[in-house]
1. Quickly run through region 92-102 and pick out the residues that are surrounded by fewer than 17 Cβ atoms within 10 Å (Cβ to Cβ) and either in contact with a strand residue (DSSP E or B) (Cβ under 7 Å, 6 or more places away or on another chain) or within 18 Å of THR67 (Cα to Cα) (or both).
2. Is there any pair with a first residue in region 82-102 that is under 14 Å from VAL50 (Cβ atoms) and touching a residue at least 60 places away in the same chain (Cβ under 8 Å) and a second that is surrounded by 11 or more Cβ atoms within 10 Å (Cβ to Cβ) and among the hydroxyl-bearing types (Ser, Thr, Tyr) whose Cβ atoms are under 7 Å apart and which are 6 or more apart or on different chains, and what are they?
3. Among the residues of region 44-61, is any farther than 24 Å from ALA132 by Cα and of a type in the set (S, T, N, Q)?
4. Just one of the numbered conditions (1) out of contact with any helix residue (DSSP H, G or I) (no Cβ under 7 Å at 6 or more places or on another chain); (2) more than 26 Å from GLU137 (Cβ to Cβ); (3) of a type in the set (S, T, N, Q); (4) free of Cβ contacts under 8 Å to residues at least 40 places away in the same chain is not true of GLN62; which one?
5. Go through (1) under 19 Å from the mean Cα position of the chain (by Cα); (2) without any contact (Cβ under 8 Å) to a residue 40 or more places away in the chain; (3) under 30 Å from ALA132 (Cβ atoms) for THR11 and report which single condition fails.
6. Report every pair of residues separated by at least 6 positions or lying on different chains whose Cβ atoms are under 7 Å apart, first residue within region 120-144 and of a type outside the set (Lys, Arg), second in a helix (DSSP H, G or I).
7. Quick one: is VAL106 aliphatic (A, V, I, L, M), under 18 Å from LEU78 (Cα atoms) and modelled with pLDDT under 95?
8. Would you point out the residue of region 109-141, among those that are closer than 26 Å to LEU33 by Cα and loosely packed, with under 11 Cβ neighbours inside 10 Å, that is nearest to the chain's Cα centre (by Cα)?
Amino acid sequence: MPTIAPPAELTSRLRMVTMRLSRLLRQHAGAELSPALVSALGSVARCGPVTLGRLAEIEGVQPPSMTRVVAQLEQLQLVTREVDGADRRVARLTITPDGERLLADVRLRRNELLATRLGDLGPADVAAIEAALPALERLAGLQQ
């Protein structure tokens, strides 16, 4: 089946709405952590135990920047750094129970924000969003 290029307006509107939703969710993470710290903590939870280099790659930042982020997460006791037994030059990061609790709280606040926003919409809009989710998940690479 031939692919059809999306209209420029669709592309622009989709970009704008995803950016705005992302910004709203980041702002409702809570005051304890910056968006960069929350993102890195979430990546450690999802991918850990993970090396600092791999975490920098996942987050799309340079290793020196990630070193500063990880130092803050360690200082807050949200991650631990464990030296690899086979290669002492390698350290792996793991989320701590405090980190898990904080991340669960951030996710809860973000879900509450979305639930409130969805509650402000009419049933037809909610149904349209629900119907669009599989396509959006594929677009985001979350499913095949």
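1. Residues of region 92-102 surrounded by fewer than 17 Cβ atoms within 10 Å (Cβ to Cβ): 94, 97-98, 100-101.
Answer for region 92-102, where residues must be surrounded by fewer than 17 Cβ atoms within 10 Å (Cβ to Cβ) and either in contact with a strand residue (DSSP E or B) (Cβ under 7 Å, 6 or more places away or on another chain) or within 18 Å of THR67 (Cα to Cα) (or both): just THR94.
2. Nothing qualifies.
3. Going through region 44-61, the residues farther than 24 Å from ALA132 by Cα turn out to be 44-61.
Of the ones still in play, those that are also of a type in the set (S, T, N, Q) are 51.
Scanning region 44-61 turns up at least one residue that is farther than 24 Å from ALA132 by Cα and of a type in the set (S, T, N, Q).
4. Every listed condition holds for GLN62 apart from (1).
5. Going through (1) under 19 Å from the mean Cα position of the chain (by Cα); (2) without any contact (Cβ under 8 Å) to a residue 40 or more places away in the chain; (3) under 30 Å from ALA132 (Cβ atoms) one by one, THR11 breaks only (1).
6. As it stands, the answer is VAL126/LEU118; GLN143/GLU137, since those pairs meet every condition given.
7. Details: aliphatic (A, V, I, L, M): yes; under 18 Å from LEU78 (Cα atoms): yes; modelled with pLDDT under 95: yes.
Here the answer is yes, as VAL106 does meet what is asked.
8. The selected residue is ALA140.
The values are calculated or read from the model by the stated rules, or taken from the named source; none is laboratory data. Quantities reported herein were computed from a predicted structural model and do not represent experimental measurements. Neighbour counts are summed over all protein chains in view; Cβ atoms, including those assigned to glycine, are modelled from backbone coordinates with ideal geometry.
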